[in-house]
Amino acid sequence: MIQVAPSILSADFAHLADEVQRIETAGAEYVHIDVMDGAFVPNITLGAPVVKSLRKCSAAVFDVHLMVERPEAQIASFAEAGADVITFHIEAVRHAHRLVQEIKSLGCRAGVALNPATPLVMLEELMADIDMALIMTVNPGFGGQKFIPSMLEKIALLRHTAEENDFALDIEVDGGINAETAPLVREAGANILVAGSAVYGASDIEKAIQAIRG
Ligand code: DX5
Ligand code: ZN
């Protein structure tokens, strides 16, 4: 089952509630929420209060992607704000396993993200306990970048390892996903596809979502 997770990073921030409604009506199951702190990545986007306000307007799965230093300091407020999935970057933490446990104890699904340069082996000791792995297919920080094709092998290897071990792991991909790259990542084994500019930049977002879902 392929899920599409439009990223509100490419939405109009002055009308976020409407922008979330728009993708839900168009058939998206997930809303991908990019949290940037100006330290882990150059930009600053939004924090838990915005998620809390949006929660009142949407029943979709809130997929919070934390691109922040010290995510351990933020987990509780995002869980309280209504996040369903909380993903942190392995590059930003010392005690990844503890953080996975914390996210789950707060009633959320736990995801771990890997930058393009971070090898899959970083997930090895976590894979049995996480719900989702997020393979970045661009370097995080900006929407509208070009998909990095060498990530396809990483996705395929991760899917293979998960299957070999009988782990029901969601594999999410994020960055440069559009109608052209979506079939490639689906084929490699990704099952949750984030797309920012390809959805919000489309004239017909329902069609765009369908094309990405395949
Ligand atoms: C990038 C973000 C992405 C971004 C993707 O750092 O994590 O979620 O919104 O945007 P597109 O789909 O335009 O590459
Ligand atoms: Zn993201």
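Just so you know, all these numbers are worked out from the coordinates, no wet-lab data involved. No experiment lies behind these values; they were computed from the predicted model shown. Because the Cβ atoms are built from the backbone with ideal geometry, glycine has one as well, and the counts that use them run over all protein chains shown.
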query: Of all DSSP beta bridges in the stretch 3-213, what percent run antiparallel (nearest 5)?
result: 5 percent
task: Pick out, from 90, 119, 209, the residue whose Cα sits farthest towards the positive end of the charge dipole of the chain, with +1 on the Cβ of Lys and Arg and -1 on the Cβ of Asp and Glu.
output: 209
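Can you check what the net charge comes to around residue 31, using other residues whose Cβ is under 11 Å from the Cβ of residue 31 (Lys, Arg +1; Asp, Glu -1)? Numbers along the way, then the final one.
On the way: positive: 22, 55; negative: 19, 24, 29, 34, 63, 84.
Neighbour charge sum, excluding residue 31 itself: -4.
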task: Be a star and scan the stretch 1-40 for residues whose amide nitrogen sits under 14 Å from the point 7 Å along the Cα-to-Cβ vector of residue 53.
output: 12-20
- line: Per the charge dipole of the chain (beta-carbon charges, Lys/Arg positive, Asp/Glu negative, Cα centre), the residue among 193, 53, 147 reaching farthest to the positive end is 53
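Per residue, how big is the convex hull around the C-alpha atoms of the chain? Give it to me in cubic angstrom, could you? Could the numbers behind the result be given before it?
Working: hull volume 22.9 nm³, N = 214.
Considering the Cα atoms of the chain, their hull volume per residue is 107 Å³.
Need the full-extension length gain, residue 180 to residue 39, defined as separation in residues times 0.36 nm minus the C-alpha distance. One decimal, nm.
On the way: separation 141, 0.36 × 141 = 50.76 nm, distance 3.19 nm.
Additional length available on full extension: 47.6 nm.
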Most mobile listed residue (82, 175, 38) in the chain, GNM with C-alpha springs under 10 Å: 38
- request: Just need the relative contact order of the chain here, percent rounded to a whole number, with Cα pairs under 8 Å and 6+ apart.
  value: 21 percent
query: Label point 7 Å out from residue 95 along Cα-to-Cβ: which residues of the stretch 42-70 have amide N under 19 Å?
result: 68-70
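So, with +1 on the Cβ of K and R and -1 on the Cβ of D and E, and no other charges, what is the size of the charge dipole of the chain about its Cα centre, to the nearest 20 debye?
On the way: 15 positive and 29 negative charges, 62 e Å.
Dipole of the chain, to the nearest 20 debye: 300 debye.
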task: Report, ordered by chain and residue number, the lysines lying within cross-link reach of residue 146, taken as a straight Cα distance under 30 Å and ignoring same-chain residues fewer than 8 apart.
output: 154, 207
- request: Could you please report the charge total around residue 40, scoring K, R as +1 and D, E as -1 over all other residues with beta-carbon less than 11 angstrom from its beta-carbon?
  value: -2
